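J.: One structure, as C-alpha cells, below. Some questions next.
Just so it is clear, none of the values below were taken in a lab; they were calculated from the coordinates. Being a predicted model, the structure only gives us computed values, none of them experimental. Every residue, glycine among them, receives a Cβ derived from its backbone with ideal geometry; neighbour counts consider all protein chains shown.
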Amino acid sequence: MTHFLKSFRRARGRRRAAALRLHTARQRFDRSMIALRKAALDHIDSQDHVSATLRATLDRLVAQAGLPL
C-alpha cells in the first residue's frame with residue numbers, strides 16, 4: 001500500500017471521528033435546549049400560581065378591611 005493511500009485512510013478515519021464528535025455535541029446541545037425550555041416554562045407556570053395566590057390574598061384582605069378596589 002502506498003504512503004498516499006495510508007494517509008488518505010487515516011484522514012478519512014479522522015474525518016469520521018470528527019463528524020461523530022460533532023453529531024454528539026449537537027445532540028447534547030439539543031437536549032440542553034429542551035431542558036432549558038422546559039425549566040423556563042415550569043418557572044413561568046409557578047409564577048402564574050404565585051401571582052394568582054397573591055391576587056386572591058390581596059382581594060381577601062381588601063374585603064376584610066371593607067375597602068373598595
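J.: Can you tell me the dipole magnitude for the chain around its Cα centre, using point charges on the Cβ only (Lys, Arg +1; Asp, Glu -1), in Debye to the nearest 20?
T.: For this selection, approximately 1420 debye.
J.: Specify which residue in the list His23, Ser46, Ala56 is farthest towards the positive end of the charge dipole of the chain, using unit charges on the beta carbon of Lys, Arg (+1) and Asp, Glu (-1), about the Cα centre.
T.: His23
J.: Here's a follow-up. Tell me, in nm to one decimal, what length is gained between Ala56 and Arg16 on full extension, where the rule is 0.36 nm per residue of separation less the Cα-Cα distance?
T.: 8.4 nm
J.: Further question on the same structure: Which log10 I(q)/I(0) values does the chain give at q = 0.12, 0.23 Å⁻¹ under the Debye formula, counting every alpha carbon as one identical point scatterer?
T.: -0.63, -0.95
J.: Another one. At 222 nm, what value in deg cm²/dmol follows for the chain if DSSP H runs of at least 4 each add -39500 (n - 2.57) and the sum is divided by all its residues, to the nearest 500?
T.: Calculated at 222 nm, the ellipticity per residue is -34500 deg cm²/dmol.
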